[in-house]
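A short reminder: the numbers here are calculations on the coordinates, not readings from a lab. Note that the structure is a prediction, hence the values are computed from the model and not measured. All Cβ positions, glycine included, derive from the backbone under ideal geometry; neighbour counts span all protein chains shown.
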Amino acid sequence: MANLNRVFLLGNLTRDPDLRYAPSGMAICQFGLAMNRRYQGRNGEEVNETCFVDIDVFAKQAESCKSYLQKGAPVLVEGHLKLDQWEDRNTHEKRSRLKVVAERVQFLAPPSRGGTFSDEAQPDAAPVDEGGPPAAGPRPAPSARPQAPRPAPSRPGPAPSAPARPPAPPRQAAPPPPAFDAGALDAAEPEPPDPGAADVHDELPF
């Protein structure tokens with residue numbers, strides 16, 4: 001029969017992490033986690049329900065949680081459920097509770113300047129599984145004498161464009177040829193001489 005015991009929790013710490021070491025030297029860190037669930041009730045009102053869970057972290061992650069987490073820090077916990085059983089010292093009654101053994105803890109927001117965390121998680125921040133964020137290295141000091149900016153090399157300007165030529169005057173259309181008049185041509189031609197008239201003058205006596 002297949003079984004699955006996997007837990008994903010996203011919430012805020014309810015107290016500062018508590019770190020201790022087992023006789024074997026194993027580091028154990030414990031803290032409480034609160035998750036809010038909002039839903040609409042029967043009458044339409046909004047109901048806010050809060051669930052509290054105890055988280056156990058071991059080994060190197062336990063030391064990282066102690067160093068970088070505080071009350072109110074948003075985290076994402078991935079792990080499995082474990083049933084704790086013990087006997088009450090006063091009443092000698094057997095008690096039990098469920099807790100989560102964390103296999104991976106992601107830090108969702110860095111601490112603010114005041115050393116406290118906001119109530120709401122910031123999922124855009126980069127998660128950190130083990131160890132803290134890398135310390136920023138020293139920045140180089142600026143030089144005492146600032147260098148003057150070098151003048152940019154001058155670029156040759158554009159070559160002057162040739163002057164525009166004036167537009168040529170429009171050509172005038174040739175006048176149409178004169179109309180041909182056949183009657184005028186006939187009037188200009190001389191009439192041929194009459195041969196009879198020449199003979200009359202020859203016969204006149206002198």
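Values for this structure:
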| item | result |
| --- | --- |
| Long-range HN-HN contacts of Lys71 with modeled amide H, under 5 Å | Asp16 |
| Cα-derived Rg to Rh of region 12-57, Kirkwood definition | 1.30 |
| Potential lengthening between Thr14 and Glu49 on full extension [0.36 nm per residue; Cα-Cα distance subtracted] | 11.1 nm |
| Where only C-alpha atoms are counted, convex hull volume of region 10-107 per residue in Å³ | 143 Å³ |
| Relative packing of 14-23, 59-68, which averages over residues the other C-beta atoms within 10 Å, highest first | 59-68, 14-23 |
| Relative contact order [Cα under 8 Å, 6+ residues apart], region 10-107, whole percent | 29 percent |
| Set of lysines with alpha-carbon distance to Lys99 below 16 Å, sequence-local pairs under 8 removed | Lys82 |
